[in-house]
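So the structure is just underneath, and the comments pick up after that.
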Amino acid sequence: MVDDEPQNKENTIKWIENLQEGRQYGTRGIFYRVNILDSFKRNPNFPQKYINKFLERYRTSNLEIIYLMTNVLRIVGIELPKYIIECVLAFQNEDGGFGRYRSDIMSTYYALETLNLINPDLITSQDKIMDFAANCQTDEGIFAYTPLSYPPYIESIYAGIRIYEILAYPLDHWSNRDEVLNFVLKLQNADGGFRRSYFIGISELEYVYRALYILKSLHYF
């Protein structure tokens, strides 16, 4: 993201490939390993038995897991079954957002990422989705989990930005751009990393990634 090469790249790739050759369990772990290997133009080994397990889990999974599985299957070249679309759209609510019992910004983000992977034209009711995302903003303009929740966290801000990007909202002219930039910059700790919450927290790579993604999307660097 910052136009630099990671240290010990070849050792990292070999380590990930060794993990991928072993027993594969934990959808998030598989998602990260497959995406790392794909980013380095390596062919991720993903046996048919694990593909079958993924395909069997769609109807009982939440939107995050549905997105992770869809992303992996797409990378390894599996034709995506149409029932994935049904599984995702079943979570959409009257307010335009997505969620099992009520809409939240993370579920909405995962739903849009999944539909966007399959076919962007599957995303309908865009105005209602945008209204829901806008309603998730606090008085300061920062994305929180739901229209009634507080405080915002780095992942909810990241989800809001990605929703706007997927729906092709012009972030360059977004009225809350400066407020979001200032909020994210205040999440940086003395060690250079970023924390999850404005109030307290340690730096973690996941938070650093999300913070840098937001800053880059809003053309801070």
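Charged neighbours of Asn189, selected by a Cβ distance under 15 Å, balance to +1 (K, R count +1; D, E count -1).
So how many Å³ per residue does the convex hull of the Cα atoms of the chain work out to?
That works out to 139 Å³ per residue.
Restricting segment 1-67 to trypsin sites (Lys or Arg not before Pro) that sit in a DSSP loop and have at most 12 other Cβ atoms within 10 Å of their own Cβ leaves Arg23, Lys41.
Distance between the C-alpha centres of segment 45-70 and segment 75-93: 10 Å, rounded to the whole angstrom. In loop segments of segment 114-221 as defined by DSSP, the GluC sites (Glu not before Pro) with at most 16 further C-beta atoms inside 10 Å of their C-beta are Glu140, Glu204.
So how much slack lies between Asp139 and Asp172, counting 0.36 nm per residue of separation and subtracting their Cα-Cα distance, in nm? Don't jump to the answer; show the numbers that get you there.
Working: separation 33, 0.36 × 33 = 11.88 nm, distance 2.03 nm.
Residue separation times 0.36 nm, minus the Cα-Cα distance, leaves 9.9 nm.
In Å², what does the accessible area per residue of the chain work out to with a 1.4 Å probe? Please report the intermediate quantities before stating the final value.
Numbers: 12320 Å² over 221 residues.
I get 56 Å² per residue for this part.
Would you mind counting up the charge near Asn176? Only other residues with Cβ under 13 Å from its Cβ, with Lys and Arg at +1 and Asp and Glu at -1. Counting the neighbours of Asn176, the net charge comes to -4.
What is the local net charge at Ile84, summed over the other residues whose Cβ is closer than 13 Å to its Cβ (Lys, Arg +1; Asp, Glu -1)? Could you put the intermediate results ahead of the total?
Numbers: positive: Arg57, Arg59, Arg74, Lys82; negative: Glu56, Glu79, Glu86, Glu113.
That sum, taken over residues with Cβ under 13 Å, equals 0.
The values are calculated or read from the model by the stated rules, or taken from the named source; none is laboratory data. All of these numbers come straight from a predicted model, not from anything done at the bench. Note that each Cβ is placed from the backbone with ideal geometry, even for glycine, and that neighbours are counted across all protein chains shown. Surface areas here come from the heavy atoms of the whole protein model, side chains and all, with no ligands, DNA or RNA. Shrake-Rupley method; radii C 1.70, N 1.55, O 1.52, S 1.80 Å.
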